[in-house]
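First comes the structure, then the notes that go with it.
Rule-based calculations on the coordinates, nothing more; no lab input. Nothing here was measured: the structure is a model prediction, and the numbers come from that model. As a convention, Cβ positions derive from the backbone with ideal geometry for all residues, glycine included, and neighbour counts pool all protein chains shown.
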Amino acid sequence: GAVVSQHPSRVICKSGTSVKIECRSLDFQATTMFWYRQFPKKSLMLMATSNEGSKATYEQGVEKDKFLINHASLTLSTLTVTSAHPEDSSFYICSARDSYTEAFFGQGTRLTVV
Amino acid sequence: DQQVKQNSPSLSVQEGRISILNCDYTNSMFDYFLWYKKYPAEGPTFLISISSIKDKNEDGRFTVFLNKSAKHLSLHIVPSQPGDSAVYFCAASERDSGYALNFGKGTSLLVTP
């Protein structure tokens, strides 16, 4: 299957700083990528849909100024958590689809804000 | 509001027996359904999918059944193996929504030797 690479896998940052997470589709072009967040023992919650060359579409309740998404090319989307706080600590996962039949996920990023 | 529901948070099955994981959905516009397997601190791994025009799809030990009238799907794993122990997520998507996946809360499967 297609490969989606997410980096970094783990990051610890100080409260008030910003963190950037990268998501790359390695062997296909993804016009649309998705960012999910998973809380402990909870489901994967869609945060936003990232569209190449245009603004991201955010789900209700997700602060677009806190979670900046940029989809600069057909193979790269980034999520920047700005002015991070401990409540932003979570597991963030990106996803991309090369067709309608499957969606491939990155390895996820464990963010800890101290 | 949770549109995809997995009402069993956990399931324990003996090795060699059948594992049946259930999933219900509320949005009748969903037209594609997927099952994912997930280990802690890793991204989900795709297992098997089914289109709403079908009622069954089989891939090796994994079979997914879809009952559209009941808005219910299930994943059968037979025979179950200890390596199948993981959290299984059911997901659904609607073509018109741009392919975003709606996930259930997951079912933790434990296959015991």
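Using equal-weight Cα scatterers in the Debye expression, the normalised intensity of chain A in log10 at q = 0.23 Å⁻¹ is -1.35. Considering only the Cα atoms of chain B, their convex hull presents on average a projected area of 6.9 nm². Gain on full extension, evaluated as 0.36 nm per residue between B:Asn7 and B:Tyr39 minus their Cα-Cα distance, stands at 9.6 nm. Computed 3J(HN,Hα) for the stretch B:39-51, one whole-Hz value per residue from the Karplus formula 6.51 cos²θ - 1.76 cosθ + 1.60 where θ = phi - 60°, is 9, x, 6, 10, x, x, 10, 5, 10, 6, 9, 8, 8, glycine and proline marked x.
Would you tell me the mean number of C-beta atoms belonging to other protein chains that fall within 10 Å of each C-beta in A:63-70, as a whole number?
0
Summarise the partner chain shielding of B:29-37 as one whole number: the mean count of Cβ atoms from other chains within 10 Å of each residue's Cβ. Taking all residues of B:29-37 together, the mean is 1. What the Cα atoms of the protein assembly as shown give is an Rg and a Dmax of 17.5, 51 Å. Each Lys and Arg contributes +1 and each Asp and Glu -1, all at the Cβ; summed about the Cα centre of the stretch B:1-48, the dipole is approximately 140 debye. Between A:Ser15 and A:Gln60, the FRET efficiency from the beta-carbon distance, with R0 = 22 Å, is close to 0.30. Net charge of the neighbourhood of B:Ile18, taken over other residues with C-beta under 13 Å away and scored Lys/Arg +1, Asp/Glu -1, is 0. Cross-link partners for B:Lys37 among the lysines, with Cα-Cα distance under 27 Å and sequence neighbours closer than 8 places in the same chain left out: A:Lys20, A:Lys41, A:Lys42, B:Lys5, B:Lys54, B:Lys56, B:Lys68, B:Lys71, B:Lys105.
Near B:Lys105, the amide H atoms lying under 5 Å from its own belong to B:Gln6; only residues 5 or more places off or on other chains count, and H is placed 1.01 Å from N.
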